[in-house]
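Trainee: One structure is given below, represented as structure tokens, and several questions about it will come after.
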Amino acid sequence: MINDVFTTEIIKDSIVALGDEMFEAMVRTSMSPIIYETTDFAVGATDAAGNLLAQGNGVTAFLATLDTAVQSLLTHYDIDSIYPGDVFITNSPYEGGGTHLSDVVILVPVFHNDLLIAWTVNKAHWTEVGGAQPGSVSTVATEIYQEGLHFRFLKLYEKGQPNASLIDLIRTNVRLPDSTIGDMHAGVAAANVGAKRIGEIVDKYGCESVLFAMDDLLDYGERMTQAELQKLPTGVYESEDIVEDDGLGNGPFKIRVKVTITDDKMIADYTGTDPQVPGPINCSYTGLVTGARCLFKAVTNTDIPANGGCFRALEVICPDGTLVSAQSPAPVSLYYEPLIAAIDVMWKALAPILPDRLPAGHQRSVGATFVSGVHPQTGELFVMGEPLVGGWGAAEGLDGDSGQFCCANGETFNIPIELFESRYGLQVNQYAFHNEDGGAGEFRGGKGVVLDYQVTAEEAFLTYAASRTVSKPWGMNGGQEGSNNYAQILRHDGSTERYHMCTTVRAQKGEVIRLTTGTGGGFGDPAKRPREQVAMDIKNGYVTAEQARKYYHHE
Amino acid sequence: MRAASDVGGTFTDLVYYSIDESTGQSGEVKTAKADTTPPNFEQGVMNAIEKVGLSPRDLDFFAHGSTVVINALTERKGVKTALITTRGFRDVLEIARGNRPDLFNFNFRKPAAFVPRYLRAELNERVAFNGETQQEVDLAPLAELLEYFKSEGVEAIAISFLHAYIQPANEQRVKARINELWPQVSVLASHEISREWREYERTNTTVLSAYVHPIAKKYIESLEEKLARGGFDDKPYMMQSNGGISTVEAAKANPITMVESGPASGIFAAAYLGETIEEKNLIVLDIGGTTAKCTLIEDAEVKVTTEYYIEKDTKNPGYPIQTPVSEIVEIGNGGGSIAWVDQGRKLHVGPQSAGAMPGPAAYGKGGTKPTTTDANLVLGRIDPASFVGGEVEPDWNAVDTAFAPLMEELELSKEAVARGIVRIANANMTNALRLVSTNKGYDPRDFALMAFGGGGAMHAVALAEELKVPRVIVPVNSSVFSAWGMLLTDLRRDYLQTRPGLLSNEHTEAISAEFSRLRAEAEADYRTDGVDMTSAELAYEYFADMRYTGQEHTVKVSVPMENDQVRLGDAIEQFHNAHEKRFTYRLDAGVEIVNFHLVAKVLVPKPALAKKPFTGARLEDCVLHTREVDFDQHGIHNAVIYDGLKLEPDMALFGPAVIQEPSVTLVVSPGHRVTLDDYGNYHVELNVRQIPQG
């Protein structure tokens, strides 16, 4: 065994690099744009017991889903029934790894001789997993059974042999089988790339050295996090907010948090959050842990790659059966909206003590939009799914960022219009900042966006879900709050319908689906914004002359 | 006399040689260095020429590479630029792709657009995705718009309309009208810069090219003028990022093509040399003072991509530049990279660099932090007696002071820390080399590692051991390889055209026709540039970016052609193989072409490479001395130090050894054998004999 300090460092770096290697493999092999363009996935590796070693950039919203998936898997299988060449699949929302059924986890055990030493894992949003609605997303589901195929820690491969029956079952039960099976292959390929690389590292340095380095890596994560945690003021910080609607017309629902910072710990207690709801905006405890981890990482060390050691100092408390700790058979399609609200409420609680790390409130919604129809040229079914960019909040000394994906996203890319139009039966008429009121401040909130899709297919169906549709992104220190997220359909007859949550609303050829995202909250009293800066805002069209008069007292 | 100059951040390199009339071989390659002279970079070039007693009238051929474009971009020293785009889309440039690579930084800001919103104008016009013009552009508001731009001090205008890559007519109308109304202003339209889809990337590329256009144009014209005044009868050629040279006219029309010209010429020189010495599969590594750059060459072919970014890193989305650039992975690890320990007690090397000033601690110019170069010195790999070509006496006190804090934090000796620094630096470079090789499905055992740049020879053997590459090649002139490489390149233009379509029998004609159209365009462009097409020797290479139906990401494959007709079956098979190599599987699905890619070269006659003189000298006479060198895992050995300038073809020597030239140090650990080929390139064959006792 080579156990000098630098060799250990090099092994650790190689393990961390696994994340990037698997990320690359996933992006490149995937057949669906929701993976390769919006990178709605995460890849990573854990040790044999499921402690996160490395995770590849995708979105923040999967931060607690890889390690907990392994941990839950180990409660389903005896270690003796896990073999080299096995590949496991799960999308169960209520256990480790769980979010909603569309996000499928692939797990590959890594062996050295007969010893299980690690896991490579990925979780990706598949285009289709069946269920009542195209794209497997619904705003009206009342039970999980309507939301698609449900895999609870099944073997997709055993000892290298594919489980043909299971694959056939998937193929038969989804609307776009080629795409779905392609997503499955991409997940398996990415996990295998990682497993192969771990094998190489073990061959080079020896098993014992690698296992030692894994433990050392976790300890390093803990040390780096503690160093930052020490800098935070101890105390108790509380906040609450709402999620407007569950898709069935119920709501609003309350999310509460009490954050306690001690000398060496942070405790996020969500007790007091409303019970789980009839519609599909429930989030499981795994989702909640992800949310709390995101914010915890944002206020401690944002630089080092996430690993299990980074979260040893975080405790997340929530009784079962709330909006953010839902139990079976609660529908969970839109789990990410309460998850983001859980991040945001913790953010709002801590922002006053960390004005250099946390800006005012942002659009706080994925704004997930799905449009399906039949492509006018090819005659084939298309299902377009994408998140939307919006405005982020201002911070002390900085205007908010305009047109950025929400905090649950990350390395997420919008779909280029030129590709979009060739692929879907829609033409984009504008992709621009809007001028709704909101975000005024000494530092301005970032701008929200308006996006117009004109239907070129004979007909198209809109599914849309957002929060911050009635409530608005919060301002700080006297800054104005931001603006709302919503969808509209501009009809041929000149009428306009507004939606906050809707499932497969029909639009005819030539009608326009308009999506508007919120402007972020402002920071500080608008009257303090220097006159020349307001003049520049007017010149740039970020602020209208009327808004300048009304909010900035600028004539 | 053939000459090339490469303007770097600190120095301007000149490489030149005459051609031996009797043998047709190039004469001895000579070099000169002068200080780089911003902002009038051409002055440094003239200074270098004069310094060695040459005059422009002595030159028959002059190629030039410069960082003027990349510097203007990274230092934000371009001109005030405006953008004209399709109604409804002026914010595309600011929204960009909406991504946040710095995932957990909730106070993230994306980099600012190069054109502020008040200078982003919209016109009514529309082309559909299939190229059909739905609305001809309304030029009526243009006159007033240009007056506004003038009043704002605009000096360059970018035009970028949706789907102009496939139907540029509306852009052409706007450009023509601007040329009439305001002939002095720089105007670049997106279809002239890129014919690929993705509106943000194409728009940003057009904007950046416009932003540097007046500066690059003035620079090239000053250079032309100074050379002409000195008696140079021809026109200089400009090095481009695609590894070829271009005429000055082409470079002035689209200066963004010069953005990565320095690294590109080194890589193409590596491919050329590789072909000459029959090493067609190379992993190429260029280690400079601040960064290391690497790439992979397969079958003597350099990979050229249009997915290039500036200022992109793990925290910054950077700015995309959709222009052909040789595929490079660059990391912040060079000779001047600083070693440091973080609060978790982890040793890092780079990306901060001590640069040329103050430089490594041993330079004694005020550097207080240990660098990779200092570590190599401590380990005896660098000869203290010939440090920086013998010009500098190492400042050992400064080295000790710089190492002290790390020794304390890590509780290790100076030598152990130095070993750690070199090992971490090597690991960083190994990870970069892995990105271009194993991560893309290549087995390093099928390649040789060609290393150049100031630090290439120092680290190459250790990296080859790590990657299991069987051979290392350190070329002659390795410290001025980039400038030398410009003398080996041809005129090159890349034509990429997005035109998605299935690879099927009924499309064979259309595919062949598209390549024919691109060939005709290439010939016309060369003619416009003033290349004499009656004597020019044209060579074409055919590529396409292909994908499986339903996939987005493409693989670039070479397209087999026969009598100007595509060999469809072979093309499809090429794609399946390339896809499987890159992604580990093949699909039983349709194959589509997304981008056609034609490379059109005008071949420049080049003399044969100079051979190193052979006098039959004995190896013993080339020995300088022996000294103790620390080979890390291989132990400390009394190594033989050779004078590289005296070594001759056919000689063979074994590690532990160090070969020294004034600006090259080749470290050969035990067990490896070095030979020289006819040209004087070093070939290190790994693990050929048992390691002797140290």
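The values are calculated or read from the model by the stated rules, or taken from the named source; none is laboratory data. These figures come from a predicted structure and were not determined experimentally. Every residue, glycine among them, receives a Cβ derived from its backbone with ideal geometry; neighbour counts consider all protein chains shown.
Trainee: Of the residues that sit in segment B:380-399 and are among the aliphatic types (A, V, I, L, M) and under 31 Å from the mean Cα position of the chain (by Cα), which one is farthest from B:Asn638 (Cα to Cα)? Talk me through it step by step, then tell me what you get.
Mentor: Initial filter on segment B:380-399 (among the aliphatic types (A, V, I, L, M)): B:382, B:385, B:388, B:392, B:398-399.
Then drop every residue that is not under 31 Å from the mean Cα position of the chain (by Cα), which leaves B:382, B:388, B:392.
Values: B:Ile382: 14, B:Val388: 22, B:Val392: 24 Å.
Going through the qualifying residues, I end up with B:Val392.
Trainee: Out of the residues in segment A:529-544 meeting the condition of being among the hydrophobic types (A, V, I, L, M, F, W, C) and either assigned to a helix (DSSP H, G or I) or within 11 Å of chain B (Cβ to nearest Cβ) (or both), tell me which one is surrounded by the most Cβ atoms within 10 Å (Cβ to Cβ). Even if it seems obvious, please write down each step before you answer.
Mentor: Quick first cut of segment A:529-544, residues among the hydrophobic types (A, V, I, L, M, F, W, C) only: A:534-536, A:538, A:543.
Still in the running and either assigned to a helix (DSSP H, G or I) or within 11 Å of chain B (Cβ to nearest Cβ) (or both): A:534-536, A:538.
Working: A:Val534: 21, A:Ala535: 14, A:Met536: 15, A:Ile538: 18.
The residue in question is A:Val534.
Trainee: Okay, moving on. Please go through segment A:111-130 and pick out each residue that is crowded, with 24+ Cβ neighbours inside 10 Å and closer than 11 Å to A:Ile198 by Cβ.
Mentor: Within segment A:111-130, A:Ala118, A:Trp119, A:Thr120 qualify.
Trainee: Taking the condition over 30 Å from A:Ala360 (Cβ atoms) and either within 13 Å of chain A (Cβ to nearest Cβ) or not aromatic (Phe, Trp, Tyr) (or both), does B:Gly98 pass? If you could, list the steps in order and put the result at the bottom.
Mentor: Working: over 30 Å from A:Ala360 (Cβ atoms): no; either within 13 Å of chain A (Cβ to nearest Cβ) or not aromatic (Phe, Trp, Tyr) (or both): yes.
Answer is no for this residue.
Trainee: Looking for whichever is among the aliphatic types (A, V, I, L, M), under 21 Å from the mean Cα position of the chain (by Cα) and in a strand (DSSP E or B) here; the options are A:Ala507, A:Ala487, A:Ala460. Which one fits? I'd like the intermediate steps shown before the answer.
Mentor: Numbers: A:Ala507 fails: under 21 Å from the mean Cα position of the chain (by Cα); A:Ala460 fails: under 21 Å from the mean Cα position of the chain (by Cα).
Exactly one residue qualifies, and that residue is A:Ala487.
Trainee: Shifting gears a bit: Here are some residues: B:Ile84, B:Ile166, B:Ile159, B:Ile178. Which one is more than 7 Å from every other protein chain (Cβ to nearest Cβ), crowded, with 19+ Cβ neighbours inside 10 Å and in a helix (DSSP H, G or I)?
Mentor: B:Ile178
Trainee: Within segment B:599-684, considering only strands (runs of 3 or more DSSP E) that don't extend past its boundaries, which have at least 2 residues that are among the β-branched types (Val, Ile, Thr)? Let's see the steps before the verdict.
Mentor: Working: elements: B:623-630, B:636-643, B:652-654, B:657-661, B:664-668, B:673-676.
By residue number, B:623-630, B:636-643, B:657-661, B:664-668, B:673-676.
Trainee: Within segment A:325-332, is even one residue within 30 Å of A:Tyr424 (Cα to Cα), more than 12 Å from chain B (Cβ to nearest Cβ) and at pLDDT 90 or above?
Mentor: Filtering segment A:325-332 down to residues within 30 Å of A:Tyr424 (Cα to Cα) leaves A:331-332.
Keeping just the survivors that are more than 12 Å from chain B (Cβ to nearest Cβ) gives A:331-332.
Right, trim to at pLDDT 90 or above and you get A:331-332.
Within segment A:325-332 (the criterion being within 30 Å of A:Tyr424 (Cα to Cα), more than 12 Å from chain B (Cβ to nearest Cβ) and at pLDDT 90 or above), the answer is yes, since at least one residue qualifies.
Trainee: Being more than 15 Å from B:Pro405 (Cα to Cα) and surrounded by fewer than 17 Cβ atoms within 10 Å (Cβ to Cβ) is the filter here; which residues of segment B:340-354 pass it?
Mentor: B:Pro351, B:Gln352
Trainee: Examine segment B:536-547 for a residue that is within 30 Å of A:Ser179 (Cα to Cα) and more than 23 Å from the chain's Cα centre (by Cα), and state whether such a residue exists.
Mentor: Within segment B:536-547, the subset within 30 Å of A:Ser179 (Cα to Cα) is B:543-547.
Remaining after also requiring more than 23 Å from the chain's Cα centre (by Cα): B:546-547.
Yes, segment B:536-547 contains a residue that is within 30 Å of A:Ser179 (Cα to Cα) and more than 23 Å from the chain's Cα centre (by Cα).
Trainee: Return the residue satisfying two criteria in turn: it lies in segment B:196-228 and is among the polar types (S, T, N, Q) and more than 16 Å from B:Val259 (Cβ to Cβ), and of such residues it is modelled with the highest pLDDT.
Mentor: To start, the set of residues in segment B:196-228 that are among the polar types (S, T, N, Q) comprises B:203-206, B:209, B:222.
Cutting the leftovers down to more than 16 Å from B:Val259 (Cβ to Cβ) gives us B:203, B:222.
Values: B:Thr203: 98, B:Ser222: 95.
Filtering segment B:196-228 for residues that are among the polar types (S, T, N, Q) and more than 16 Å from B:Val259 (Cβ to Cβ), the one modelled with the highest pLDDT comes out as B:Thr203.
Trainee: Which of the following residues is within 28 Å of B:Arg100 (Cα to Cα) and not assigned by TED's automatic domain parsing to the domain that holds B:Gln497: B:Ser386, B:Ser413, B:Ser353? Quick ask: steps written out before the conclusion?
Mentor: On the way: B:Ser386 fails: within 28 Å of B:Arg100 (Cα to Cα); B:Ser413 fails: within 28 Å of B:Arg100 (Cα to Cα).
After applying the criteria, what remains is B:Ser353.
Trainee: Which ranges mark the strands (runs of 3 or more DSSP E) fully within segment B:433-545 that have 1 or more residues being within 14 Å of another protein chain (Cβ to nearest Cβ)?
Mentor: Values: elements: B:448-452, B:471-474, B:491-502.
So the answer is B:491-502.
Trainee: Determine whether A:Val257 is assigned to a strand (DSSP E or B) and buried (at least 19 other Cβ atoms within 10 Å of the Cβ). Before the answer, list the steps.
Mentor: On the way: assigned to a strand (DSSP E or B): yes; buried (at least 19 other Cβ atoms within 10 Å of the Cβ): yes.
Considered against the rule, which asks whether it is assigned to a strand (DSSP E or B) and buried (at least 19 other Cβ atoms within 10 Å of the Cβ), A:Val257 comes out as yes.
Trainee: Would you confirm, using the coordinates I've provided, whether A:Ile489 is more than 14 Å from chain B (Cβ to nearest Cβ) and more than 18 Å from A:Asp241 (Cβ to Cβ)? Quick ask: steps written out before the conclusion?
Mentor: Values: more than 14 Å from chain B (Cβ to nearest Cβ): yes; more than 18 Å from A:Asp241 (Cβ to Cβ): yes.
It is true that A:Ile489 is more than 14 Å from chain B (Cβ to nearest Cβ) and more than 18 Å from A:Asp241 (Cβ to Cβ).
Every residue, every condition in (1) facing chain B (nearest Cβ under 10 Å); (2) touching a residue at least 24 places away in the same chain (Cβ under 8 Å); (3) outside any loop (DSSP other than H, G, I, E, B); (4) β-branched (Val, Ile, Thr), yes or no:
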residue: A:Arg171; (1), (2), (3), (4): no, no, yes, no
residue: A:His185; (1), (2), (3), (4): yes, yes, yes, no
residue: A:Lys204; (1), (2), (3), (4): yes, no, yes, no
residue: A:Tyr237; (1), (2), (3), (4): no, yes, yes, no
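Trainee: For residues in segment A:385-408 being in a loop (DSSP other than H, G, I, E, B) and facing another protein chain (nearest Cβ under 7 Å), which is farthest from A:Val137 (Cα to Cα)? I'd like the intermediate steps shown before the answer.
Mentor: Applying the first criterion (in a loop (DSSP other than H, G, I, E, B)) to segment A:385-408 yields A:387-389, A:391-394, A:396-397, A:399-403, A:405-408.
Still in the running and facing another protein chain (nearest Cβ under 7 Å): A:389, A:401-403, A:405, A:407.
Details: A:Val389: 19, A:Asp401: 29, A:Ser402: 27, A:Gly403: 24, A:Phe405: 20, A:Cys407: 21 Å.
Within segment A:385-408, the match that is farthest from A:Val137 (Cα to Cα) is A:Asp401.
Trainee: Assuming B:Glu311 fulfils every condition listed in (1) farther than 30 Å from B:Ala189 by Cβ; (2) of a type in the set (Asp, Glu); (3) in contact (Cβ under 8 Å) with a residue 40 or more places away in the chain apart from one, which condition is it?
Mentor: Going through (1) farther than 30 Å from B:Ala189 by Cβ; (2) of a type in the set (Asp, Glu); (3) in contact (Cβ under 8 Å) with a residue 40 or more places away in the chain one by one, B:Glu311 breaks only (1).
Trainee: Sticking with this one: Take segment A:430-452 and flag every residue that is part of a strand (DSSP E or B), surrounded by fewer than 22 Cβ atoms within 10 Å (Cβ to Cβ) and more than 9 Å from chain B (Cβ to nearest Cβ).
Mentor: A:Val450
Trainee: Just for segment A:419-429: of the residues that are touching a Ser or Thr at 6+ places or on another chain (Cβ under 8 Å) and not in a loop (DSSP other than H, G, I, E, B), which one is farthest from the other protein chains (Cβ to nearest Cβ)?
Mentor: Checked segment A:419-429; the qualifying residue farthest from the other protein chains (Cβ to nearest Cβ) is A:Leu426.
Trainee: Might you let me know whether segment A:24-31 holds any residue that is closer than 29 Å to A:Tyr205 by Cα and crowded, with 23+ Cβ neighbours inside 10 Å?
Mentor: yes
Trainee: Right, next: I need a count of the residues in segment B:255-286 that are charged (D, E, K, R) and touching a Ser or Thr at 6+ places or on another chain (Cβ under 6 Å).
Mentor: Qualifying residue count for the region: 1.
Trainee: Still on this structure, I have one more. Taking the criterion of being closer than 29 Å to B:Arg547 by Cβ, within 14 Å of another protein chain (Cβ to nearest Cβ), small (Gly, Ala, Ser) and assigned to a strand (DSSP E or B), would at least one residue in segment A:43-52 satisfy it?
Mentor: Yes, that holds for at least one residue.
Trainee: Checking the structure you have, find out if any residue of segment B:451-462 is at pLDDT below 90, in the same structural domain as B:His597 (by TED's automatic domain parsing) and farther than 24 Å from B:Pro324 by Cα.
Mentor: No, segment B:451-462 contains no residue that is at pLDDT below 90, in the same structural domain as B:His597 (by TED's automatic domain parsing) and farther than 24 Å from B:Pro324 by Cα.
Trainee: Can you spot a residue in segment B:346-353 that is in contact with a Pro (Cβ under 9 Å, 6 or more places away or on another chain) and either acidic (Asp, Glu) or not in a strand (DSSP E or B) (or both)?
Mentor: Step one: of segment B:346-353, the residues in contact with a Pro (Cβ under 9 Å, 6 or more places away or on another chain) are none.
Within segment B:346-353, not a single residue is in contact with a Pro (Cβ under 9 Å, 6 or more places away or on another chain) and either acidic (Asp, Glu) or not in a strand (DSSP E or B) (or both).
Trainee: Moving to a separate point now. Looking at segment B:556-588, which of its residues are within 14 Å of another protein chain (Cβ to nearest Cβ), in contact with a helix residue (DSSP H, G or I) (Cβ under 7 Å, 6 or more places away or on another chain) and crowded, with 21+ Cβ neighbours inside 10 Å? Break it down into steps so the answer makes sense when it comes.
Mentor: Filtering segment B:556-588 for residues within 14 Å of another protein chain (Cβ to nearest Cβ) gives B:556, B:578-588.
With in contact with a helix residue (DSSP H, G or I) (Cβ under 7 Å, 6 or more places away or on another chain) added as a condition, the list becomes B:582-586.
B:Phe583 - this is the single residue of segment B:556-588 that is within 14 Å of another protein chain (Cβ to nearest Cβ), in contact with a helix residue (DSSP H, G or I) (Cβ under 7 Å, 6 or more places away or on another chain) and crowded, with 21+ Cβ neighbours inside 10 Å.
Trainee: Counting just the residues of segment A:458-510 that are without any contact (Cβ under 8 Å) to a residue 40 or more places away in the chain and over 29 Å from A:Leu339 (Cα atoms), which one comes out surrounded by the most Cβ atoms within 10 Å (Cβ to Cβ)?
Mentor: A:Leu490
Listed here are the residues, each with its yes/no results for (1) under 19 Å from B:Asn99 (Cβ atoms); (2) among the aliphatic types (A, V, I, L, M).
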{"position": "A:Leu18", "(1), (2)": "no, yes"}
{"position": "A:Met26", "(1), (2)": "yes, yes"}
{"position": "A:Thr46", "(1), (2)": "no, no"}
{"position": "A:Leu53", "(1), (2)": "no, yes"}
{"position": "A:Gln71", "(1), (2)": "no, no"}
